[in-house]
1. Looking only at region 47-90, filter to residues that are touching a residue at least 60 places away in the same chain (Cβ under 8 Å) and touching a Cys at 6+ places or on another chain (Cβ under 7 Å); which one of those is farthest from Gly103 (Cα to Cα)?
2. Going residue by residue through region 214-223, is there one that turns out to be assigned to a loop (DSSP other than H, G, I, E, B) and surrounded by fewer than 24 Cβ atoms within 10 Å (Cβ to Cβ)?
3. Could you count how many residues in region 120-146 are of a type outside the set (Val, Ile, Thr), assigned to a loop (DSSP other than H, G, I, E, B) and closer than 25 Å to Tyr254 by Cα?
4. Quick one: Asp240 ticks every box in (1) in contact with a helix residue (DSSP H, G or I) (Cβ under 8 Å, 6 or more places away or on another chain); (2) farther than 27 Å from Thr345 by Cα except a single one, so which number is it?
5. Please note which helices (runs of 4 or more DSSP H) are completely contained in region 1-75 and include at least 3 residues that are farther than 20 Å from Ala148 by Cα and in contact with a helix residue (DSSP H, G or I) (Cβ under 7 Å, 6 or more places away or on another chain).
6. Would it be correct to say that Val293 is in contact with a helix residue (DSSP H, G or I) (Cβ under 9 Å, 6 or more places away or on another chain) and at pLDDT below 95?
7. Which pairs have Cβ atoms under 9 Å, sit 6 or more apart or on different chains, and link a residue in region 8-36 that is more than 30 Å from Ala213 (Cα to Cα) and in contact (Cβ under 8 Å) with a residue 24 or more places away in the chain to one that is β-branched (Val, Ile, Thr) and assigned to a loop (DSSP other than H, G, I, E, B)?
8. Does Gly275 satisfy being surrounded by fewer than 24 Cβ atoms within 10 Å (Cβ to Cβ) and either of a type in the set (Gly, Ala, Ser) or not assigned by TED's automatic domain parsing to the domain that holds Lys374 (or both)?
Amino acid sequence: MPGEEHSELRKFVAPEFVFGAGAAMLAGQYAANLSAKKALVVSGPTLESIGWTGLIVDSLTREGVDRAVFTGVSPNPRHEEVMTGAEVYRREGCDAIVAVGGGSPMDCAKAIGIVCTNDRHVLEFEGVDNVDRPGPPLICIPTTAGTAADVSQFCIISDPDRKVKIAIVSKTMVPDVALIDPRLTVTMDETLTAHTGLDALTHAVEAFVSNAASAITDLNALESMRLIRTHLKGAVERPDDMIARTGMMLASTYAGLAFSNAILGAVHAMAHSMGGLLDLPHGLCNAILLDRVIDYNFDSVPEKYRRMGIALGADIPPDVPSGEVRARTVDVVRALKRDVGVTDTLAELGIKPDDLPLLARNALADVCMLTNPKQPSADDLIEIFRQSR
């Protein structure tokens, strides 16, 4: 009967967020509202040189909030960086955290917070609902349109010792406030815009077909896909186009709300495995794998993939055979990748045939694999990796 597929209980978590031009300038006001006396500003060296970090520091200062700044964050934040940041937080006597940047500073900031309140090593929180005490007040200010760490209950940290990325999934990872300002994304170059945009697409696609999807996550995921179809190419080609930048930031937010609640799937599990082994760009790993995983998963939820293909602009009339629906859906994703200049292969990233069994084993152990609509074997994943080389 209509709606029966959404009759199971589902919860939905989201932070308070302010979206629009000028939102970032509210950092000081929100920090003061949270009774912060001294905030640890977590960012990256590039963002500091661009000036975004200083802009947020100025906002804090205007509201009488003191600050310490920690910029020792790698593109894939490592556990030792989290522990160093926690030492800075304690030494400086901070009582709140403000993250400025893409997924890396935001994930590092989330992890710093729970390390400080639980007095445990960050790697001990790996998995789902393993955080006993929430971190201190956290404000996230994204500077990319893709990761959506500012609205999600995910935190991804690299463990170079094991050469894996761990996922910390908990509602305590949801920030208190997200200040989502599209103006901060104009400094992204073409490549980063494309990679983060395709990361947002992967979030939307995987949330939509997840076995934990709901009516609310479906709504957010589909609208994210439509926005990406409309705005990603424009954002790549015209960096100062605020209509395109705003559309992509909104797409990222919608996708984040979807995947934070429906979780993800095989693309992210496999991308985490690759990133842990070779410290690779996360959005690019997702982009390379996405169409191959869609092709693999298609038979498990063909109607969902048909709707996804239509949202992305594929011509799929109701009477088209299933095999043709699959082909048109995969083709529209590949066309979007080509349009924004993403034609890389895993071989070009340094993935060797001998790496594939280890990559498959680590991917199967990733928490994101639990909500993939089809449960693969190690051999299935090795074949997807092989096709993506």
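1. Residue satisfying both the conditions and the ranking: Val82.
2. yes
3. First, pick out the residues of region 120-146 that are of a type outside the set (Val, Ile, Thr): 120-121, 123-127, 129-130, 132-138, 140, 142, 145-146.
If we keep only those that are assigned to a loop (DSSP other than H, G, I, E, B) too, we end up with 120-121, 126, 129-130, 132-137, 145-146.
From what's left, closer than 25 Å to Tyr254 by Cα: 129, 134-135, 137, 145-146.
Number satisfying all stated conditions: 6.
4. (1)
5. Qualifying helices (runs of 4 or more DSSP H): 52-62.
6. no
7. Ala24/Thr143; Ala27/Val65; Gly28/Val65; Ala31/Val65; Ala32/Val65; Ala36/Val65
8. Taking the combined requirement at face value, the residue satisfies it.
The values are calculated or read from the model by the stated rules, or taken from the named source; none is laboratory data. This is a predicted model, so every value here is computed, not measured. Please note: Cβ atoms are built from the backbone with ideal geometry, for glycine as well, and neighbour counts cover all protein chains shown.
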